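Down below is the structure, laid out as structure tokens.
The values are calculated or read from the model by the stated rules, or taken from the named source; none is laboratory data. Every value quoted in this text rests on a predicted model; they were computed, and no experiment measured them. A quick note on method: Cβ atoms are made from the backbone with ideal geometry, for glycine too, and the neighbour counts reach across all protein chains shown. Side chains are part of the model used for accessible areas, which takes the heavy atoms of the whole protein and leaves out ligands, DNA and RNA. Shrake-Rupley method; radii C 1.70, N 1.55, O 1.52, S 1.80 Å.
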Amino acid sequence: MITHGDDLLISGAWLLGIGTLVGAIGQTRQTLTSTDLGKDLVLKGNGIEAVGNSLQAIGRSKMLNPESERTETYFIFGSWLEAIGNIADAVGIGMQLSGSVEEGIRTDAIGSGLQGLGAAIEAFGASLTEETISRSFEIKGNGLISAGSFLESVGNIFILNEKVRVGEHILLLGSWTQVFGAFILIEAFSLGPEPEPERGTDGHNRHYSYANYC
């Protein structure tokens, strides 16, 4: 049975996928042309990602229960931190387009770092839960998003140190790494929760067979 919280998780995952893809396309145009062409797409992509992360945080909050409160707290905090990081990225890129280039790049670097930390916290939270296929995808997806975000932060630091071409290529690698991570998350949330094993009268778990659902 899909709850309203599950709907928000799936919707948020799709928005993350769209946002990272839009941002990666923009970053590709920017890197290939060595101009600001594409920065507007990167800005929009981060805005879409912020909405996606917010939906996921709200969805997790709606699904809180005493048994999973500790682990779900990691997901909720991580999602909000990612949303804050995306907003900071968008603000930083907007500053660059407005002429405050150095300050904007610095803000962008901080935002990407926050986003990477948020995704890492979510991956850690997923590792604390019972191992399932969907949880494994969540760990991998958030791990890639975290790695990609940290790469973007590093790329911006290179640019601040006047190593622009190297920095741009690191930004490109980071942006596409996040795309792969986001689409793995879509698969994770599309799978839905796996059925819990039935407990027998002796208190031990009985394993389901696929025949039970046919």
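Structure summary
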| read-out | value |
| --- | --- |
| Any pair with Cβ under 6 angstrom, 6 or more apart, that starts in the stretch 71-83 at a residue that is open to solvent by less than 70 Å² (accessible area, probe 1.4 Å) and ends at one that is modelled with pLDDT under 95 and not in a helix (DSSP H, G or I) | THR71/LEU128; THR71/THR129; GLU72/LEU64 |
| Residue in the stretch 84-100 that is part of a helix (DSSP H, G or I), within 19 Å of GLU152 (Cβ to Cβ), modelled with pLDDT under 95 and open to solvent by 30 Å² or more (accessible area, probe 1.4 Å) present | yes |
| Any hit, the stretch 107-120, residues being open to solvent by less than 60 Å² (accessible area, probe 1.4 Å), under 27 Å from SER34 (Cβ atoms) and of a type in the set (A, V, I, L, M) | yes |
| Test: residue in the stretch 48-61 that is part of a loop (DSSP other than H, G, I, E, B) and either among the aliphatic types (A, V, I, L, M) or over 27 Å from LYS163 (Cα atoms) (or both) | no |
| Only listed residue being β-branched (Val, Ile, Thr) and modelled with pLDDT of 95 or more, chosen from THR20, THR33 | THR20 |
| Which listed residue, of ILE159, ILE121, ILE139, ILE110, is assigned to a helix (DSSP H, G or I), over 15 Å from GLU49 (Cα atoms) and over 18 Å from the mean Cα position of the chain (by Cα) | ILE159 |
| Selected residue (criterion: least open to solvent (accessible area, probe 1.4 Å)) from residues of the stretch 36-68 that are in contact (Cβ under 8 Å) with a residue 40 or more places away in the chain and among the β-branched types (Val, Ile, Thr) | VAL42 |
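Condition check ((1) over 16 Å from ILE105 (Cβ atoms); (2) modelled with pLDDT of 95 or more) across all residues:
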| site | (1), (2) |
| --- | --- |
| ARG135 | yes, no |
| ASN156 | no, yes |
| GLU162 | no, no |
| ARG165 | no, no |
| HIS169 | no, yes |
| TRP176 | yes, yes |
| PHE180 | yes, yes |
